[in-house]
1. Just to be sure, is G366 farther than 14 Å from P268 by Cβ, modelled with pLDDT of 95 or more, in the same structural domain as S176 (by TED's automatic domain parsing) and part of a helix (DSSP H, G or I)?
2. Is there any pair with a first residue in segment 165-179 that is in the same structural domain as S311 (by TED's automatic domain parsing) and more than 27 Å from H113 (Cβ to Cβ) and a second that is crowded, with 24+ Cβ neighbours inside 10 Å and not small (G, A, S) whose Cβ atoms are under 6 Å apart and which are 6 or more apart or on different chains, and what are they?
3. So, L491, is that one closer than 14 Å to P433 by Cα, assigned by TED's automatic domain parsing to the domain that holds A398 and in contact with a Gly (Cβ under 9 Å, 6 or more places away or on another chain) or not?
4. Read through the list (1) under 29 Å from G295 (Cβ atoms); (2) in contact with a Pro (Cβ under 9 Å, 6 or more places away or on another chain); (3) buried (at least 16 other Cβ atoms within 10 Å of the Cβ), then give the number of the only condition that A398 fails.
5. Collect the residues in segment 199-231 that are touching a Lys or Arg at 6+ places or on another chain (Cβ under 7 Å) and either of a type in the set (D, E) or under 30 Å from A160 (Cβ atoms) (or both), keeping them in residue-number order.
6. Got at least one residue in segment 380-389 being in contact with a Gly (Cβ under 8 Å, 6 or more places away or on another chain) and within 18 Å of L166 (Cβ to Cβ)?
7. I'd like the full set of residues that are surrounded by fewer than 18 Cβ atoms within 10 Å (Cβ to Cβ) and not in a strand (DSSP E or B), limited to segment 494-516.
Amino acid sequence: MTIDSLRTPAPPLPSERLQEPWHRRAVTRLTSSTLPAPAIGGLLLALTLVSLVLRIGQLNFHYWVDEGISVGISSHPLSQLPTLLREDGSPPLYYVLLHFWMSLFGRGEVATHALSLVFSLIAIPVAYWAGASLSGRRTGAYCAILTAGLPFLTEYAQEARMYSLLALLSLLAAASFVHVFVFRHRRYLPLFIVSLTAALYTHNWALFLGLTSFIAFLWCVWYVPAPRAGLLRDGALAFGVVALLYLPWLPTLIYQARHTGAPWALPPVVWSLTQGAYFLVGGRGAAMALLLAAGTGLTAIRAGGQADRLSRKAAVSLAVLGVGTLLVAWLYAKVTPAWAFRYLAVIVGPLILLVGMGLARSAKLGIVALVLVCCFWVLDPKATSLDSKSNVASAARAVSSRLGSDPLVLSTQPEQVPDLAYYLPHVTRFGTPIGPVPDPRVMDWRNALERFRRTSVHSVLVPMLRSVSPGERVALVVPMNYVKAPEWMVLIHHSSTTWTRYLKHDRQFTLVKTADPHAYSSGLPVYISVFARKR
């Protein structure tokens, strides 16, 4: 044996590499330690275009309950938003942005959905920057691919709600946290402050992200060797400024916590955690593939050198921000029901970075898993009916010609009124089991459950019917899908039954029209009955 036989083989010449099949060259390129800048630019452009195709098919879909509330609140002057949000229970940032957006592009479905689409598309290069700056270009590429195809972002990129904005902000907050408190890049401190504060002003579940960020910071303080003065100083500055910036909203938050809530929500169960993961990534198969491949890559991190120690610390921090926030939110919702899968937007950012880091370190297994998951995402059947979310628009259109000039519209589901007001713009009188609605563009959640409990046909319905003059019309809108819990839904079911029975048996009224178009293809169908008061 000669000394030459012990040397590392020379890399293949360019001509030899070109003779390899294209798919092997692609795998070699994706599993290499770096990716060239031109390839990254082309990848981001391609991902943005593919994501755009995936996320424009439902831009013209009709609004459902929450979207009607978003557009209704944002249609008011800015000076009224703080007062209105005391009734709604949400922070103001998204509504302010939507207000200005509608002033430029209008209040139509496509226009308002486009704002969320913009946030989801911006998240693609942001995810690449975040992943690449934390763990190299390969991780950035994986993070960008995940962001471009993630079913959660695809759904809420086409909805007039704040969830794609919240996901974008969680990306920025998670990446800047690791930069500041793990890698000690102090120049990212303003980005962490701004992104976390903006998240807090976007959705209340960002409070859980703020809490776990502080927990992760304490872990970083414990993990690093002394001296820790600089790290403690940065933490005090970051969380202190965030608290100071959030302080003006704190009185409103306290008021909302005391008087509003989510009476429609049930406390989560154990499997709500796994169901939430499936909802984020588009099903059990996609979740299992990503968990296997990313977990393999993350467990391969060894603390043999400084780079690996920082990578392990970064992975633990992202896990605390993502999984920790999920667990804190789950525990809170067990005490105060406020659980909805759409709220998981707050953990999208840290989880994308964590999974992207794991996929990048799992070599070919990561590519196989990502290709499999992308097939799930692209081939998954998409809804095509404009009424897939709710048939309120079609039902309102079907009865509008029979409503007359000044009808009374009654909804046994109080939060449905802003949606009805949007699709029945000529109607000025609305009522619910809680009573007459002074502003039909807003749902007043203040003590709503207590007020609903006190309702009765004779105390609420009869006085509103007395206000209807002979010849005028009454439209009764009732939901068609009922569940047995929580109490809010039970009360809606009871009111729907009793109000329908009362109007059908009241000799002063006669039924003139019914409509439930597309009820079987809609997620939240309603049934409208139009009655005329006899002359």
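1. No.
2. Listed pairs, sorted by first residue: S176/F192; F177/F192; V178/L134.
3. Details: closer than 14 Å to P433 by Cα: yes; assigned by TED's automatic domain parsing to the domain that holds A398: yes; in contact with a Gly (Cβ under 9 Å, 6 or more places away or on another chain): no.
Taking the combined requirement at face value, the residue does not satisfy it.
4. For A398, the exception is condition (1).
5. Listed by number, the list is empty, since nothing qualifies.
6. No, every residue in segment 380-389 fails to be in contact with a Gly (Cβ under 8 Å, 6 or more places away or on another chain) and within 18 Å of L166 (Cβ to Cβ).
7. Quick first cut of segment 494-516, residues surrounded by fewer than 18 Cβ atoms within 10 Å (Cβ to Cβ) only: 494, 497-498, 500-502, 504-508, 510-514.
Scanning segment 494-516 gives H494, T497, T498, T500, R501, Y502, K504, H505, D506, R507, Q508.
Each row is one residue, and each column tells you yes or no for (1) buried (at least 16 other Cβ atoms within 10 Å of the Cβ); (2) farther than 21 Å from Y246 by Cβ; (3) over 19 Å from the mean Cα position of the chain (by Cα).
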site	(1), (2), (3)
L81	yes, no, yes
P92	yes, no, no
F100	no, yes, yes
G106	no, yes, yes
E109	yes, yes, no
H113	yes, yes, no
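The values are calculated or read from the model by the stated rules, or taken from the named source; none is laboratory data. Just so it is clear, the model here is predicted, and its values are computed rather than measured. Every residue, glycine as well, gets a Cβ built from its backbone with ideal geometry; the counts of neighbours run over all protein chains shown.
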